[in-house]
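Here is the structure we will look at, set down as structure tokens.
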Amino acid sequence: MKERAKLDIPKTMSERVANIIGYSIFIGALIYVIITFPSLPAEVPAHFGADGEVNRYGSKYEMIVLVVIPLFLIPGLEALERFPEMHNYPRRMDESNIEKFYLNSRILLNLTKNGTLIVFAVIFIEIINHGLTGTSTFGASLTPLILLLVLGPIAWKMIERRKIK
């Protein structure tokens with residue numbers, strides 16, 4: 001396989017803003033987990049159905065896994081975001097449009113990473129609030145919210161990618 005050019009494309013304002021929003025929400029939720037963890041009951045919701053109803057309870061210590069997963073996932077997504085030349089592109093990419101493809105792919109990963117951070121934050125909040133109050137914060141809107149945060153940026157940027165000439 002031919003080596004792709006490494007281009008130095010500065011981060012866009014939208015990428016910086018997305019990072020600030022994603023990391024701020026995630027770190028805020030992480031602080032919320034740390035502060036509320038001692039107050040949680042022994043069993044908290046461990047799984048929600050598509051309707052937002054709890055369909056499995058588990059130990060509050062299972063939440064530690066949910067905290068650890070993004071600590072491994074996010075550095076991987078950050079690394080992929082920094083090296084757009086490693087991404088997969090259509091054959092129509094050439095010297096005239098390489099920068100547009102790289103930027104599109106990098107923004108897609110940026111939005112996916114930050115959407116993932118927000119999804120974990122939403123899940124933390126849902127588990128904790130349900131554990132403390134017995135009521136749902138997001139309810140039936142939990143699944144559509146997660147799908148929108150994860151699949152929305154992918155669909156948007158893939159549609160934009162088709163428009164690159």
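Laboratory data are not the source of any read-out in this text; all were calculated from the coordinates shown. Note that the coordinates shown come from a computational prediction; the quantities given were computed from them, not determined experimentally. We place every Cβ from the backbone using ideal geometry, glycine too, and count neighbours over all the protein chains shown.
Of the residues Ser96, Ser105, which is closer than 13 Å to Ile164 by Cβ, small (Gly, Ala, Ser) and surrounded by 15 or more Cβ atoms within 10 Å (Cβ to Cβ)?
Ser105 is the lone residue from the list that is closer than 13 Å to Ile164 by Cβ, small (Gly, Ala, Ser) and surrounded by 15 or more Cβ atoms within 10 Å (Cβ to Cβ).
Pairs under 7 Å by beta carbon, first residue touching a residue at least 60 places away in the same chain (Cβ under 8 Å) in the range 13-38, partner among the aromatic types (Phe, Trp, Tyr) and surrounded by fewer than 17 Cβ atoms within 10 Å (Cβ to Cβ), six or more apart or different chains?
Every condition considered, no pair remains.
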